[in-house]
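The block underneath contains the structure these notes are about, expressed in C-alpha coordinates.
The values are calculated or read from the model by the stated rules, or taken from the named source; none is laboratory data. Fair warning: this is a prediction, and the values are worked out from it, not measured in the lab. Please note: Cβ atoms are built from the backbone with ideal geometry, for glycine as well, and neighbour counts cover all protein chains shown. Side chains are part of the model used for accessible areas, which takes the heavy atoms of the whole protein and leaves out ligands, DNA and RNA. Shrake-Rupley method; radii C 1.70, N 1.55, O 1.52, S 1.80 Å.
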Amino acid sequence: GQSLEQPSEVTAVEGAIVQINCTYQTSGFYGLSWYQQHDGGAPTFLSYNALDGLEETGRFSSFLSRSDSYGYLLLQELQMKDSASYFCAVRDNQGGKLIFGQGTELSVKP
Amino acid sequence: EPEVTQTPSHQVTQMGQEVILRCVPISNHLYFYWYRQILGQKVEFLVSFYNNEISEKSEIFDDQFSVERPDGSNFTLKIRSTKLEDSAMYFCASSLTSGRTYEQYFGPGTRLTVT
(Lines give C-alpha, C1' and ligand atoms only; values in the text may rest on other atoms or scores of the structure.)
Protein backbone atom coordinates (compact mmCIF):
# COMPACT_ATOMS: atom_id res chain seq x y z
CA GLY A 1 0.00 0.00 0.00
CA GLN A 2 0.89 3.66 -0.04
CA SER A 3 1.42 5.48 3.22
CA LEU A 4 2.91 8.70 4.51
CA GLU A 5 3.50 9.25 8.20
CA GLN A 6 3.79 12.62 9.86
CA PRO A 7 3.06 13.82 13.41
CA SER A 8 -0.55 14.84 13.96
CA GLU A 9 0.26 18.04 15.83
CA VAL A 10 3.17 20.21 16.86
CA THR A 11 3.25 23.24 19.15
CA ALA A 12 5.97 25.89 19.21
CA VAL A 13 6.46 29.49 20.29
CA GLU A 14 6.91 32.57 18.15
CA GLY A 15 10.45 33.01 16.94
CA ALA A 16 11.34 29.36 17.42
CA ILE A 17 12.34 26.73 14.87
CA VAL A 18 10.18 23.67 14.23
CA GLN A 19 10.78 20.55 12.15
CA ILE A 20 7.95 18.44 10.75
CA ASN A 21 9.03 14.97 9.68
CA CYS A 22 7.54 12.77 7.00
CA THR A 23 8.30 9.16 6.19
CA TYR A 24 6.79 7.53 3.17
CA GLN A 25 6.18 4.14 1.65
CA THR A 26 4.92 4.33 -1.91
CA SER A 27 5.08 2.17 -5.02
CA GLY A 28 6.91 4.88 -6.94
CA PHE A 29 8.71 8.10 -6.08
CA TYR A 30 9.27 11.17 -8.19
CA GLY A 31 9.43 13.76 -5.44
CA LEU A 32 8.21 15.03 -2.08
CA SER A 33 6.13 18.19 -1.78
CA TRP A 34 4.99 20.22 1.19
CA TYR A 35 1.73 22.13 1.33
CA GLN A 36 0.27 24.53 3.87
CA GLN A 37 -3.45 24.68 4.57
CA HIS A 38 -5.21 27.29 6.69
CA ASP A 39 -8.60 26.33 8.14
CA GLY A 40 -9.57 23.91 5.35
CA GLY A 41 -8.76 26.40 2.62
CA ALA A 42 -6.76 25.80 -0.51
CA PRO A 43 -3.53 23.87 0.03
CA THR A 44 -0.67 26.20 -0.82
CA PHE A 45 2.57 24.89 -2.29
CA LEU A 46 5.65 25.40 -0.13
CA SER A 47 8.41 23.24 -1.59
CA TYR A 48 9.32 20.26 -3.75
CA ASN A 49 12.31 17.95 -3.42
CA ALA A 50 13.08 15.50 -6.20
CA LEU A 51 16.71 14.94 -5.24
CA ASP A 52 18.44 14.36 -1.91
CA GLY A 53 19.42 17.39 0.08
CA LEU A 54 18.13 20.66 1.41
CA GLU A 55 16.04 23.22 -0.46
CA GLU A 56 15.70 26.66 1.11
CA THR A 57 13.01 29.23 0.42
CA GLY A 58 13.08 32.12 2.83
CA ARG A 59 12.08 30.97 6.33
CA PHE A 60 11.12 27.51 5.05
CA SER A 61 13.51 24.69 4.16
CA SER A 62 12.78 21.15 3.07
CA PHE A 63 15.02 18.11 3.17
CA LEU A 64 14.87 14.77 1.42
CA SER A 65 16.69 11.48 1.86
CA ARG A 66 15.48 9.02 -0.73
CA SER A 67 17.51 6.14 0.73
CA ASP A 68 15.69 6.61 4.07
CA SER A 69 12.29 7.42 2.48
CA TYR A 70 12.30 10.46 4.72
CA GLY A 71 11.91 14.17 4.48
CA TYR A 72 11.25 17.13 6.70
CA LEU A 73 10.00 20.67 6.57
CA LEU A 74 11.88 23.20 8.69
CA LEU A 75 10.19 26.44 9.64
CA GLN A 76 12.38 29.15 11.13
CA GLU A 77 11.53 32.39 12.96
CA LEU A 78 8.02 31.16 13.54
CA GLN A 79 5.21 33.69 13.29
CA MET A 80 1.61 33.44 14.49
CA LYS A 81 0.44 33.30 10.88
CA ASP A 82 2.35 30.02 10.46
CA SER A 83 -0.32 28.28 12.53
CA ALA A 84 -1.85 25.94 9.97
CA SER A 85 -1.88 22.33 8.81
CA TYR A 86 1.16 21.12 6.90
CA PHE A 87 0.95 18.18 4.53
CA CYS A 88 3.71 16.18 2.95
CA ALA A 89 2.78 14.66 -0.39
CA VAL A 90 4.57 12.19 -2.62
CA ARG A 91 4.41 12.39 -6.36
CA ASP A 92 4.49 8.71 -7.20
CA ASN A 93 4.59 8.77 -11.00
CA GLN A 94 5.32 10.98 -13.98
CA GLY A 95 1.69 11.96 -14.30
CA GLY A 96 1.79 14.12 -11.23
CA LYS A 97 -0.70 12.47 -8.87
CA LEU A 98 0.00 13.53 -5.29
CA ILE A 99 -0.45 11.16 -2.35
CA PHE A 100 -0.93 13.20 0.80
CA GLY A 101 -0.07 12.46 4.41
CA GLN A 102 -2.61 13.02 7.17
CA GLY A 103 -1.26 16.47 7.94
CA THR A 104 0.45 18.07 10.92
CA GLU A 105 -1.39 20.81 12.74
CA LEU A 106 1.10 23.44 13.84
CA SER A 107 0.11 25.79 16.64
CA VAL A 108 2.34 28.79 17.20
CA LYS A 109 1.97 30.35 20.66
CA PRO A 110 3.03 33.86 21.69
CA GLU B 1 -0.85 36.55 -9.65
CA PRO B 2 -2.80 33.91 -11.63
CA GLU B 3 -4.97 31.58 -9.60
CA VAL B 4 -7.28 28.61 -9.91
CA THR B 5 -10.92 29.49 -9.37
CA GLN B 6 -13.80 27.18 -8.44
CA THR B 7 -17.57 27.56 -8.39
CA PRO B 8 -19.73 27.26 -6.44
CA SER B 9 -18.00 27.70 -3.10
CA HIS B 10 -20.69 25.63 -1.40
CA GLN B 11 -23.19 23.22 -2.92
CA VAL B 12 -25.97 21.48 -1.03
CA THR B 13 -27.72 18.64 -2.81
CA GLN B 14 -29.99 15.73 -2.03
CA MET B 15 -28.82 12.15 -2.24
CA GLY B 16 -29.23 10.77 -5.75
CA GLN B 17 -29.00 14.15 -7.46
CA GLU B 18 -26.38 15.08 -10.04
CA VAL B 19 -23.90 17.84 -9.30
CA ILE B 20 -21.35 19.58 -11.48
CA LEU B 21 -18.40 21.31 -9.87
CA ARG B 22 -16.61 23.87 -11.97
CA CYS B 23 -13.00 24.96 -12.10
CA VAL B 24 -11.03 27.43 -14.16
CA PRO B 25 -7.37 26.38 -14.07
CA ILE B 26 -4.50 28.78 -14.64
CA SER B 27 -4.57 29.66 -18.31
CA ASN B 28 -1.26 28.25 -19.55
CA HIS B 29 -1.33 25.12 -17.43
CA LEU B 30 -1.52 21.74 -19.09
CA TYR B 31 -2.22 19.27 -16.29
CA PHE B 32 -5.45 19.29 -14.30
CA TYR B 33 -6.50 17.43 -11.18
CA TRP B 34 -9.39 16.89 -8.83
CA TYR B 35 -8.85 16.03 -5.17
CA ARG B 36 -11.25 15.77 -2.28
CA GLN B 37 -10.90 16.21 1.46
CA ILE B 38 -13.43 14.83 3.88
CA LEU B 39 -13.66 17.06 6.95
CA GLY B 40 -10.68 16.58 9.23
CA GLN B 41 -8.99 14.07 6.94
CA LYS B 42 -6.21 14.12 4.38
CA VAL B 43 -6.47 15.31 0.81
CA GLU B 44 -7.21 12.41 -1.56
CA PHE B 45 -6.47 12.21 -5.26
CA LEU B 46 -9.43 11.59 -7.57
CA VAL B 47 -8.31 12.08 -11.15
CA SER B 48 -5.71 13.69 -13.38
CA PHE B 49 -6.37 15.03 -16.88
CA TYR B 50 -3.94 15.87 -19.64
CA ASN B 51 -4.26 16.44 -23.38
CA ASN B 52 -8.07 16.14 -23.18
CA GLU B 53 -8.15 12.75 -21.57
CA ILE B 54 -7.93 11.14 -18.16
CA SER B 55 -4.35 10.15 -17.44
CA GLU B 56 -4.97 8.50 -14.07
CA LYS B 57 -7.83 7.93 -11.66
CA SER B 58 -8.13 6.58 -8.15
CA GLU B 59 -10.40 3.87 -6.75
CA ILE B 60 -12.70 6.61 -5.50
CA PHE B 61 -13.31 7.81 -9.06
CA ASP B 62 -15.87 5.20 -10.04
CA ASP B 63 -18.53 5.24 -12.76
CA GLN B 64 -20.49 7.90 -10.89
CA PHE B 65 -17.73 10.43 -11.55
CA SER B 66 -16.73 12.05 -14.80
CA VAL B 67 -14.55 14.98 -15.85
CA GLU B 68 -14.68 17.22 -18.85
CA ARG B 69 -12.89 20.19 -20.33
CA PRO B 70 -15.73 21.54 -22.45
CA ASP B 71 -13.82 24.58 -23.71
CA GLY B 72 -10.37 26.09 -23.42
CA SER B 73 -10.84 27.35 -19.89
CA ASN B 74 -13.25 25.28 -17.79
CA PHE B 75 -12.62 21.90 -16.15
CA THR B 76 -15.60 20.18 -14.57
CA LEU B 77 -16.24 17.29 -12.21
CA LYS B 78 -19.65 15.64 -12.44
CA ILE B 79 -21.10 13.28 -9.87
CA ARG B 80 -24.10 11.55 -11.44
CA SER B 81 -25.93 10.28 -8.38
CA THR B 82 -24.57 11.69 -5.16
CA LYS B 83 -24.25 9.66 -1.99
CA LEU B 84 -23.98 10.84 1.59
CA GLU B 85 -20.33 9.83 1.64
CA ASP B 86 -19.58 12.19 -1.25
CA SER B 87 -19.87 15.07 1.22
CA ALA B 88 -16.43 16.67 1.22
CA MET B 89 -14.41 19.63 0.05
CA TYR B 90 -13.45 19.19 -3.60
CA PHE B 91 -10.29 20.88 -4.80
CA CYS B 92 -9.27 21.47 -8.38
CA ALA B 93 -5.58 21.88 -9.12
CA SER B 94 -3.46 22.59 -12.15
CA SER B 95 0.21 22.51 -13.04
CA LEU B 96 2.28 23.75 -15.91
CA THR B 97 4.49 20.73 -16.21
CA SER B 98 5.08 17.35 -14.67
CA GLY B 99 8.81 18.01 -14.71
CA ARG B 100 11.37 18.61 -12.03
CA THR B 101 10.22 22.08 -11.01
CA TYR B 102 6.90 20.67 -10.11
CA GLU B 103 4.16 22.66 -8.37
CA GLN B 104 0.42 22.16 -8.29
CA TYR B 105 -1.77 25.19 -7.73
CA PHE B 106 -4.98 24.49 -5.84
CA GLY B 107 -8.26 26.33 -6.05
CA PRO B 108 -10.22 27.45 -2.98
CA GLY B 109 -12.47 24.37 -3.14
CA THR B 110 -16.17 23.59 -3.35
CA ARG B 111 -17.77 22.31 -0.20
CA LEU B 112 -20.28 19.66 -1.23
CA THR B 113 -22.93 18.69 1.29
CA VAL B 114 -25.16 15.74 0.42
CA THR B 115 -28.30 15.42 2.54
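At a probe radius of 1.4 angstrom, the accessible area of the stretch A:1-52 per residue rounds to 49 square angstrom. For a straight C-alpha distance cut-off of 24 angstrom, the lysines reachable from A:K81 (same-chain residues fewer than eight places away being disregarded) are A:K109, B:K42. Beta bridges from DSSP with both residues in the protein assembly as shown: antiparallel share about 90 percent, rounded to the nearest 5. Of the solvent-accessible surface of the stretch B:1-61, computed with a 1.4 Å probe and all protein chains present, 44% belongs to carbon and sulfur.
For the peptides A:94-105, B:36-47, the ranking by mean Cβ contacts within 10 Å, running from highest to lowest, is A:94-105, B:36-47. Using only side-chain charges placed at the Cβ, +1 for Lys and Arg and -1 for Asp and Glu, the dipole size of the protein assembly as shown relative to its Cα centre rounds to 260 debye.
Solvent-accessible surface of the stretch A:66-110, averaged per residue with a 1.4 angstrom probe and all protein chains in place: 40 square angstrom. Near the amide H of B:T5, within less than 5 Å, lie the amide hydrogens of B:V24, all on another chain or at least 5 residues away, with H placed in the peptide plane.
Using C-alpha pairs below 8 Å separated by at least 6 residues, the relative contact order for chain A is 37 percent. A protection proxy built from the mean count of other Cβ atoms within 10 Å ranks the segments A:72-78, B:66-72, most packed first, as A:72-78, B:66-72. Measuring nothing but protein heavy atoms, the accessible surface of chain A at 1.4 Å probe radius is 45 percent carbon and sulfur. Inter-chain Cβ neighbour count for A:40-50, averaged per residue, equals 5 (cutoff 10 Å, partner chain atoms only).
Accessible surface buried by the B/A pair amounts to about 1800 Å², both sides summed, 1.4 Å probe. Over chain B, accessible surface divided per residue gives 51 Å², non-protein components excluded, 1.4 Å probe.
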